[in-house]
Amino acid sequence: GRARAQKMLDDALAQAKAEDKRVFFILSASWCGPCRMLARFLAPHKSELEKHFVFVKLDISRDEHAEELRERFKESASGGVPWYCILDSEAKVLATSNLPKVNPQYGTSNMGFPSLPPEVEHFIGMLKSTAPHLPAEKLAEYKVELLKKK
């Protein structure tokens with residue numbers, strides 16, 4: 001149990017290093033609607049995104065010791081799920097799903113599934129800043145799709 005979540009991350013970091021990619025690390029939960037929305041959004045784009053990212057998804061309700069990893073990424077602690085970040089192959093955090101400001105309505109800065117225009121901008125910015133070779137037209141396509149998902 002204990003090592004499983006950590007091993008998933010370590011394996012992803014090793015792969016990212018070998019393939020010169022970044023790690024897209026997602027804390028999720030099976031019961032969480034926005035988590036399912038994020039998974040549904042990512043699924044058809046995985047083949048493109050996997051040229052740039054190694055995906056690791058932990059289910060906080062099922063994966064034993066996901067909590068310990070959650071502790072490691074303090075920014076995720078209060079924000080609910082999905083919470084995600086992009087790491088370099090040394091596990092340095094490059095971008096997170098936390099917006100610059102705390103949303104008073106939710107008491108967190110974690111945007112979860114990006115649906116409002118500033119959230120979509122932030123999400124596209126996360127991809128753009130961490131995957132410089134991701135084609136601009138792909139980013140534009142993701143943006144249109146996210147903004148439609150009302």
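The values are calculated or read from the model by the stated rules, or taken from the named source; none is laboratory data. These figures come from a predicted structure and were not determined experimentally. FYI the Cβ positions are ideal-geometry reconstructions off the backbone, even for glycines, and counts take in every protein chain you see. Note: areas computed on protein heavy atoms with side chains; ligands, DNA, RNA excluded. Shrake-Rupley method; radii C 1.70, N 1.55, O 1.52, S 1.80 Å.
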- Could you give the longest part of the chain that holds none of the GluC sites (Glu not before Pro) found in DSSP loops with at most 15 neighbouring Cβ atoms within 10 Å? 91-150
- Message: At 7 Å along Cα-to-Cβ for each site, give me the label-to-label distance between Tyr106 and Gln6 in nm.
- Response: 3.0
- Provide the convex hull volume over Cα atoms per residue for the chain, in Å³. 105
- In square angstrom, rounded to the nearest 10, how much accessible surface does Thr96 have for a 1.4 Å probe? 20
- Item | Efficiency of FRET from Cβ geometry, Ala39 and Lys148, R₀ 25 Å, rounded to 0.05 | 0.90
- Message: Nearest 5 percent is fine: what portion of the DSSP beta bridges confined to the chain is antiparallel?
- Response: 60
- Message: Ignoring everything except DSSP H segments at least 4 long, calculate the 222 nm mean residue ellipticity for the chain; use -39,500 (n - 2.57) per segment, divide by total residues, nearest 500.
- Response: -13500 deg cm²/dmol
- Query: Accessible area of Leu147, 1.4 Å probe, to the nearest 10 Å²?
  - Reply: 70
- Most fluctuating residue of Ala131, Ala12, Ala43 in a GNM of the chain with Cα springs under 10 Å: which is it? Ala43
- Message: Cut-off under 25 Å on the C-alpha distance; same-chain residues fewer than 8 positions from Lys143 excluded. Which lysines are left, in chain and number order?
- Response: Lys21, Lys46, Lys51, Lys57, Lys101, Lys128
- GNM on the chain, C-alpha springs below 10 Å: top fluctuator among Lys101, Lys128, Lys92? Lys101
- Counting only protein heavy atoms with a 1.4 Å probe and every protein chain in place, the carbon and sulfur fraction of the accessible surface of the range 87-150 in whole percent equals 60
- Inter-centroid distance (Cα atoms) of the range 6-20 relative to the range 76-150, Å: 21
- With a point put 7 Å past each Cα toward its Cβ, work out how far Lys92 is from Glu48 in nm, to one decimal. 2.8
- Item | Inter-site label distance for Ala18 and Glu121 at 7 Å from Cα along Cβ, in nm | 4.0
